[in-house]
Amino acid sequence: MSLKSICVYCGSSLGTRPVYVAAAQAFGRALVEAGCSLVFGGGRVGLMGTIADAVLEAGGRAVGVIPQLLLEKEVGHTGLSELHVVADMHERKKMMADLSDAFVALPGGAGTLEELFEVFTWAQLGYHAKGIGLLDIDGYYRPLVAMLEHTVNEGFMQRAYLDILQIDAQPDALISKLQHYRPPRRDKWASEREAV
């Protein structure tokens, strides 16, 4: 699959360890090397600002989408290739999804996880067939993956849907996985229909 733009979800904070900043910078450079534009939340602070700056410094294209309410709180990035100011979070997430060919979550908090799980759920339901990746920096997402494994083991999610998530600690390897991603061939309710 040819990826022209990748939506990145990540923290509006930097985290407690320098490894997160380094990873965001490395992922930004890897996006440019792969010929992909960055689509992100439009903030200048935290890992959001870090990855945008890395993309721009490497000569790439960075497109931000930020709600009016958060323009001042998240300190909207004024040096982007494009900055879309929208009415609310729903419009923000829809525009980010529409502008992107794949999604990647870097380390972040509740907002990052909420955005990740929304597109993950949409993929399970067949609303899109785009790849979704976790940049698992220093095992950051290991507890989350363990929880998702638990949902499979307890019968609340099919293994095929957990496999939607492409996971890697290396930016270039993760982008490569997304470029070769193929969505599940069965939808969420196939087994229920077959049982009727």
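Laboratory data are not the source of any read-out in this text; all were calculated from the coordinates shown. Every value quoted in this text rests on a predicted model; they were computed, and no experiment measured them. Backbone-built Cβ (ideal geometry, glycine too); neighbour counts: all protein chains shown.
Other residues whose C-beta falls under 15 angstrom from the C-beta of ASP98 contribute a net charge of 0, scoring Lys and Arg +1 and Asp and Glu -1. In the chain, Cα pairs under 8 Å separated by at least six residues give a relative contact order of 22 percent.
Think of each Lys and Arg Cβ as +1 and each Asp and Glu Cβ as -1; about the Cα centre, that makes the dipole of region 50-126 roughly 40 debye.
Be a star and scan region 21-56 for residues whose amide nitrogen sits under 20 Å from the point 7 Å along the Cα-to-Cβ vector of SER2. Zone members listed by number: 31-39.
Seen from ARG29, the other residues with C-beta closer than 15 Å to its C-beta sum to a net charge of -3, counting Lys and Arg as +1 and Asp and Glu as -1. Can you bin region 1-138 into rounded, prolate or oblate? Criterion: square roots of the alpha carbon gyration tensor eigenvalues sorted a ≥ b ≥ c, rounded for a/c under 1.5, prolate for a/b above b/c, oblate for the rest. Rounded, since a/c falls under 1.5.
Counted without the sites themselves, the longest stretch of the chain free of chymotrypsin sites (Phe, Trp or Tyr not before Pro) in a DSSP loop having at most 16 other beta carbon atoms within 10 Å is 1-126. A Cβ-based charge dipole, computed about the Cα centre of region 86-196 with Lys and Arg at +1 and Asp and Glu at -1, lands at about 340 debye.
Along region 132-148 the Karplus relation, 6.51 cos²θ - 1.76 cosθ + 1.60 evaluated at θ = phi - 60°, assigns HN-Hα couplings of 10, x, 10, 8, 8, 6, 6, x, 3, 8, 4, x, 5, 5, 4, 5, 5 Hz to successive residues, with x for each Gly and Pro. Basic side chains Lys and Arg get +1 at the Cβ, acidic Asp and Glu get -1 at the Cβ, and with that the dipole of the chain about its Cα centre reaches some 280 debye. Relative contact order, whole percent, for region 1-86 stands at 29, derived from Cα pairs under 8 Å and 6 or more residues apart.
For LEU134, the amide hydrogen comes within under 5 Å of the amide hydrogens of ALA105, GLN166, ILE167, ASP168, counting only partners 5 or more places away or on other chains and with H modelled in the peptide plane.
Over region 64-154, Cα pairs under 8 Å with separation of 6+ residues give a relative contact order of 23 percent. For region 123-128, backbone phi angles converted through the Karplus equation (6.51, -1.76, 1.60; θ = phi - 60°) give residue-by-residue couplings of 5, 4, 7, x, 6, 8 Hz, Gly and Pro being listed as x.
Rounded to the nearest whole Hz, the Karplus-based 3J(HN,Hα) values (6.51 cos²θ - 1.76 cosθ + 1.60, θ = phi - 60°) of region 87-99 follow the sequence 6, 7, 5, 4, 5, 4, 5, 5, 5, 4, 5, 5, 7, with x at glycine and proline. Name the residues whose placed amide hydrogens come within less than 5 Å of the amide hydrogen of LEU83, ignoring near sequence neighbours (fewer than 5 apart) on the same chain. Result for LEU83 returns GLY64. Between the C-alpha center of region 153-177 and that of region 89-114 there is a gap of 17 Å.
Counting charges near PRO143 (Lys, Arg +1; Asp, Glu -1) among other residues having Cβ under 15 Å from its Cβ returns a value of -2. Region 57-78 and region 9-49 have Cα centres spaced 12 Å apart.
Pairs of lysine residues in the chain that meet both criteria, 8 or more places apart or on different chains and Cα atoms under 18 Å apart, total 8.
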